Amino acid sequence: MRLLAIDIGGKRTGFAIGDTELSMVQPLEVVVHANERELFDAIERVCEEHRPQEIVIGLPLNMDDSEGPAAKKMRLTAEKVLAATDIPVHLHDERLTSFEANSRMARSGRTHGGKKKIRDAIAAAALLEDFLAGRN
């Protein structure tokens, strides 16, 4: 099964694709967006290009497992993604995915700007890896 992970941010959103049969997850891209319409245009384009059967969206929980305003907003966004794509959407705890992305890039030799360009896609890959590990 092909899954698309989306790490949605206020200005940048990372995408990663995974395949359960191949047990592979790969960062795809980071899209910079100024508004919700640009974000949804990007989501629809990536879905058309990669044809996922399910989508995983990062849910920003607080460290005490509670949901703050950001998590509530992401739940609404997930509903809109489902309506726009007609693809089943899962929300998955995204805590520490940015930390994981930073750890993966720490010894990459990339500049700060180079890391910034790919961080959200690597975070989306970490999110998807964690989601898949929880399924098995």
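The values are calculated or read from the model by the stated rules, or taken from the named source; none is laboratory data. All of these numbers come straight from a predicted model, not from anything done at the bench. Backbone-built Cβ (ideal geometry, glycine too); neighbour counts: all protein chains shown.
Worth a mention:
- Verdict on Thr111 being polar (S, T, N, Q) and either crowded, with 18+ Cβ neighbours inside 10 Å or modelled with pLDDT of 90 or more (or both): no
- Picking from residues in the range 1-21 that are outside any loop (DSSP other than H, G, I, E, B) and among the acidic types (Asp, Glu), the one that is farthest from Lys73 (Cα to Cα) is Asp19.
- Against the conditions (1) assigned to a loop (DSSP other than H, G, I, E, B); (2) at pLDDT below 95, Ile122 satisfies every one except (1).
- Taking first residues from the range 72-91 that are among the hydroxyl-bearing types (Ser, Thr, Tyr) and partners that are surrounded by fewer than 16 Cβ atoms within 10 Å (Cβ to Cβ), the Cβ contacts under 7 Å between residues at least 6 apart in sequence or on separate chains come to Thr85/Glu44.
- The condition (being over 14 Å from Leu128 (Cβ atoms) and hydrophobic (A, V, I, L, M, F, W, C)) is satisfied by just one residue among Met63, Met24, Met1: Met63.
- Close pairs (6 angstrom Cβ cut-off, 6 or more residues apart or separate chains): surrounded by fewer than 18 Cβ atoms within 10 Å (Cβ to Cβ) in the range 52-64, not in a loop (DSSP other than H, G, I, E, B) anywhere: Gln53/Arg2; Glu54/Leu3
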